[in-house]
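Read the structure below first, then the notes.
The values are calculated or read from the model by the stated rules, or taken from the named source; none is laboratory data. Computed from a prediction, not measured in an experiment: that's the story for all the values here. Note: ideal-geometry Cβ built from the backbone for every residue, glycine included; neighbour counts use all protein chains shown.
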Amino acid sequence: MTKKKLLIALAGNANVGKSVIFNYLTGLHQHIGNWPGKTVEKAEGTLHFKGYTIDIIDLPGIYSLSTYSLEELISRRFIAVNKPDVIINVVDASVLERNLYFTLQLMELETPMVIALNQIDIANRKGIQINVEKLEKLLGVPIIPTIAIRGIGIFQLLEKAIEVVEKKHVVKHVPMRFGEEVEERILKLAEMVKNIQSQYPPRYIAIKLLEGDEEIEREVLQLNPEIITAAGRLKEEIEKIHGHPCSTVIVAERYEIAGRIAREVQMLVPPIKPRLGERLHSLTTHKVTGYIIMASSLLLIFYSIFTVGSYVSDFLNIFLYSIEPLFYNFFGVGVTGKLLWSMMEGMIAGITIVLPYIAPLYIILCFLEDSGYLSRVAFLMDNVMHKMGLHGKAFIPLLLGYGCNVPACLGCRIMETERERLLATFVITLVPCASRTVIILGLVGKYLGVQWALMLYIFNLAVVIVLGRLAFKALPGEPTALIMEMHDYKWPHLKTVLKQTWFRLFEFIKIGFPTIIIGSFTIKLLEVLDLIKPITLALSPITVTWLGLPMITGITLIFGVLRKELMPVMLAALLETTDFTNVPGFGPIQMFVFTLVSMFYIPCIATIAALIREIGWRKALFITVFEILFAVVLGGLAFRILTLISIK
Amino acid sequence: MKVDDYMEKHVVPLTALRDGETGIITSVKAGYGKGRRRGGFGVEKRLMDMGLTPGTKVTVIKSAPFHGPLEILVRDSRLALGRGIAEKIFVEVEK
């Protein structure tokens, strides 16, 4: 007997425990990637159960099935086009009304479904008791109460899902009726669209036309423009009756149904105990204690990641480099040996970033997000971040960017829209990371004085703010204003956090390692082929004429793409001195200009890999090219201004 | 509605509510921006989807310092709303 295949989709609001259920179901047979051509995360996994091979897709956490965000559009299309055999709708029992609003929309898509009524323990503690049988009857959808975090109800959920697939006829959604004036017009419109070819059910199309859904309108317009005209007329009628835009009326009525159902099945009793979460919320969002808690916890995170990280990183570095002599013994010190070792070096560079920095950062970010603290930080910082055109949530990745740009860019995954993610990653690549700090302090700080180094940092901050704002204005699309849920604090599910970290790391390694290795190999190849000198010569109009730097700095700038913290050392080797106080042709002005250019000129190769992963290679390339040009222009201007000042 | 009606019914933007005060949404005037590039429906649609429909009760809990976002309670869930948007939500103050 061949195994039967099933497709199950998990859908629901953000932060309702969807990923936890996903992890229970799929275990280690999962894969986190991107939706084709999009930078929205897609988690899929497989499981074998009762002779079925079941593919499970964890749809993005969303509040609606309109086209407000890419995530909503992707989810809707997936359900309509791929037609999952059954949808598991994960519902947060403690915020029933808003969750049911989403459930009602899923029902409009007329796909078989099962509801996982999750976090009933939290609901109970809040004093909410839910009559499950009644809810089941009112919706016509089977419901399994679950406490995903403890694995309760997951097995029954899966069994029920299979049962729904096997006995399709048994479950029948109770059709949701809107108010009379609206319902009547939906039916009229549904009758008209009955015969057109679409992936979506007629009633759904009718509702969406009245809601003014652009995607559906476009689709219908091609097939039968008359329907659009008719829909327009019906919309106006509804608007006249209710005095609100038609889409508002429909959403309001859908919410009213959700609210009515929620009130009918909920029984409110006094909460069991004064809730710790409530107090924690007040403290962490308070105008004084909130900022104190935020500053101390973020400093602690920053400090522990980057001190422990650099310790581990150094250790790994020494350990891995200790095989170098062995390597050369084996492959010889000839061209092949050198080239092969360069690839090893790339690998080492990758390992010393991924293990000590990215892995802990992923875990911590995941923890902050799942527990609910991230949204509190966003609440406190939104206003400040807005000044540089960013969303409040971008504060944490931005801060981490001062340690290392790579995990910071990867951390931009927490941003809700593509536009916000792009803005945040762009701004982060401008922030001086620890490696650039080595250059700033090691050159300018050491030889020109701390005040000059400080000035560079302040100047950098100004550039970040100005360029951030400019990018914010220049980018197409609507700025996403802050509309964010602050769900109750809860303890994250450790296994889910760890698994997600592992699968995301794996995704980064797939892009990051080849990029770093190829980069390292290419530069070694140039060196072996004796091409470095001709290239620096070719660069001399920029480095010498425009920037006023010695020609050999071109070499450091090229190698700096791999590892910026090595630039001062390399410069010392090339200038044949470790003391830069009195180098002919590399005076204070040159030192300042060189540092300034190094600060901005290009994201390092690992950051570029992170950018490719988060925003796609085209935008990554654009940012890279932009920053090279920007640094060159800036450096040249600085050179001229400083020369002018010093002449006077 | 005439100006007098506004006065009489105490229709004010959400930002005018004091901490702890409750209002009932009368209208949302955030506009249906046509962000075609993102296939966007606009902020108003988003607000609706989060449950801020006309006739809904909203309680302002507090606002973040330095003119920051508002913390509100709506349909049993806690939302953070940017001040810019909160200004476009009109409520009738509940006495």
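Here are some notes:
- Filter pass, A:ILE227 being more than 10 Å from chain B (Cβ to nearest Cβ), touching a residue at least 12 places away in the same chain (Cβ under 8 Å) and closer than 20 Å to B:THR53 by Cβ: no
- Residue satisfying all of: in segment A:564-608; closer than 20 Å to A:THR437 by Cβ and charged (D, E, K, R); modelled with the lowest pLDDT among these: A:GLU565
- Residue match in segment A:133-143 (condition: in the same structural domain as A:SER66 (by TED's automatic domain parsing), in a loop (DSSP other than H, G, I, E, B) and of a type in the set (A, V, I, L, M)): yes
- Among the residues examined, A:SER313 does not qualify as within 30 Å of A:LYS524 (Cβ to Cβ), touching a Lys or Arg at 6+ places or on another chain (Cβ under 6 Å) and surrounded by 17 or more Cβ atoms within 10 Å (Cβ to Cβ).
- Boolean, A:GLU217 is under 31 Å from the mean Cα position of the chain (by Cα) and not aliphatic (A, V, I, L, M): yes
- Scanning segment A:194-215 for residues that are at pLDDT 90 or above and hydrophobic (A, V, I, L, M, F, W, C) gives A:ILE205, A:ALA206, A:ILE207, A:LEU209, A:LEU210.
- For segment B:57-88, a residue qualifies if it is in contact with a Gly (Cβ under 9 Å, 6 or more places away or on another chain) and touching a residue at least 60 places away in the same chain (Cβ under 8 Å), and the qualifying residues are B:ARG83, B:LYS88.
Condition check ((1) among the small types (Gly, Ala, Ser); (2) within 25 Å of the chain's Cα centre (by Cα); (3) under 30 Å from A:GLU215 (Cα atoms)) across all residues:
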{"position": "A:ARG98", "(1), (2), (3)": "no, yes, yes"}
{"position": "A:GLU110", "(1), (2), (3)": "no, no, yes"}
{"position": "A:ARG125", "(1), (2), (3)": "no, no, no"}
{"position": "A:ILE128", "(1), (2), (3)": "no, no, no"}
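- Here is the figure for segment A:214-236: residues that are touching a Cys at 6+ places or on another chain (Cβ under 9 Å) and surrounded by 15 or more Cβ atoms within 10 Å (Cβ to Cβ) total 2.
- Subset of segment A:422-445 (residues that are part of a helix (DSSP H, G or I) and without any contact (Cβ under 8 Å) to a residue 40 or more places away in the chain): A:ALA424, A:ILE428, A:THR437, A:LEU441, A:GLY445
- The listed residue being in contact (Cβ under 8 Å) with a residue 40 or more places away in the chain and under 38 Å from the mean Cα position of the chain (by Cα), out of A:ILE241, A:ILE257: A:ILE257
- Here segment A:376-421 is the region considered, the condition is being under 21 Å from A:ARG618 (Cα atoms) and outside any helix (DSSP H, G or I), and the residue that is farthest from the other protein chains (Cβ to nearest Cβ) is A:MET415.
- Checked against (1) closer than 22 Å to A:VAL569 by Cα; (2) in contact with a Gly (Cβ under 8 Å, 6 or more places away or on another chain); (3) not in a helix (DSSP H, G or I), A:TRP452 meets all criteria but (3).
- Matching residues, segment B:78-95, being outside any strand (DSSP E or B) and facing chain A (nearest Cβ under 7 Å): B:GLY82, B:GLY84, B:ILE85
- Among the residues making up segment B:58-77, those that are surrounded by fewer than 20 Cβ atoms within 10 Å (Cβ to Cβ) and at the interface with chain A (Cβ under 7 Å from one of its Cβ atoms) are B:PRO65, B:PHE66, B:HIS67, B:ASP76.
- Qualifying residue in segment A:111-126 (condition: within 16 Å of A:TYR200 (Cα to Cα), within 14 Å of chain B (Cβ to nearest Cβ) and either surrounded by fewer than 20 Cβ atoms within 10 Å (Cβ to Cβ) or modelled with pLDDT of 90 or more (or both)): no
- Residue match in segment A:24-33 (condition: in the same structural domain as A:GLU108 (by TED's automatic domain parsing), under 18 Å from A:PHE102 (Cβ atoms) and modelled with pLDDT of 90 or more): no
- Qualifying residue in segment A:54-70 (condition: outside the structural domain of A:ASP370 (by TED's automatic domain parsing), surrounded by 21 or more Cβ atoms within 10 Å (Cβ to Cβ), touching a helix residue (DSSP H, G or I) at 6+ places or on another chain (Cβ under 8 Å) and at positive phi): no
Residue-wise test of (1) surrounded by 22 or more Cβ atoms within 10 Å (Cβ to Cβ); (2) modelled with pLDDT of 85 or more; (3) within 11 Å of chain A (Cβ to nearest Cβ).
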{"site": "B:GLU8", "(1), (2), (3)": "no, no, no"}
{"site": "B:PRO13", "(1), (2), (3)": "no, yes, no"}
{"site": "B:ARG18", "(1), (2), (3)": "no, yes, no"}
{"site": "B:ILE24", "(1), (2), (3)": "no, yes, no"}
{"site": "B:SER27", "(1), (2), (3)": "no, yes, yes"}
{"site": "B:GLU44", "(1), (2), (3)": "yes, no, yes"}
{"site": "B:ASP49", "(1), (2), (3)": "yes, yes, yes"}
{"site": "B:THR56", "(1), (2), (3)": "no, yes, yes"}
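- The helices (runs of 4 or more DSSP H) located wholly in segment A:241-345 that include 3 or more residues which are more than 14 Å from chain B (Cβ to nearest Cβ) occupy A:289-321, A:324-331.
- Residues that are part of a loop (DSSP other than H, G, I, E, B), of a type in the set (S, T, N, Q) and free of Cβ contacts under 8 Å to residues at least 24 places away in the same chain within segment A:540-589 comprise A:THR577, A:THR578, A:ASN582, listed in sequence order.
- Filter result for A:ALA609 (in a helix (DSSP H, G or I), out of contact with any Gly (no Cβ under 9 Å at 6 or more places or on another chain) and of a type in the set (A, V, I, L, M)): no
- Test for A:THR536: is it over 34 Å from the mean Cα position of the chain (by Cα) and part of a loop (DSSP other than H, G, I, E, B): no
- Taking the conditions (1) surrounded by fewer than 18 Cβ atoms within 10 Å (Cβ to Cβ); (2) acidic (Asp, Glu); (3) in contact (Cβ under 8 Å) with a residue 24 or more places away in the chain; (4) farther than 27 Å from A:LEU494 by Cβ in turn, A:GLU97 satisfies each one other than (1).
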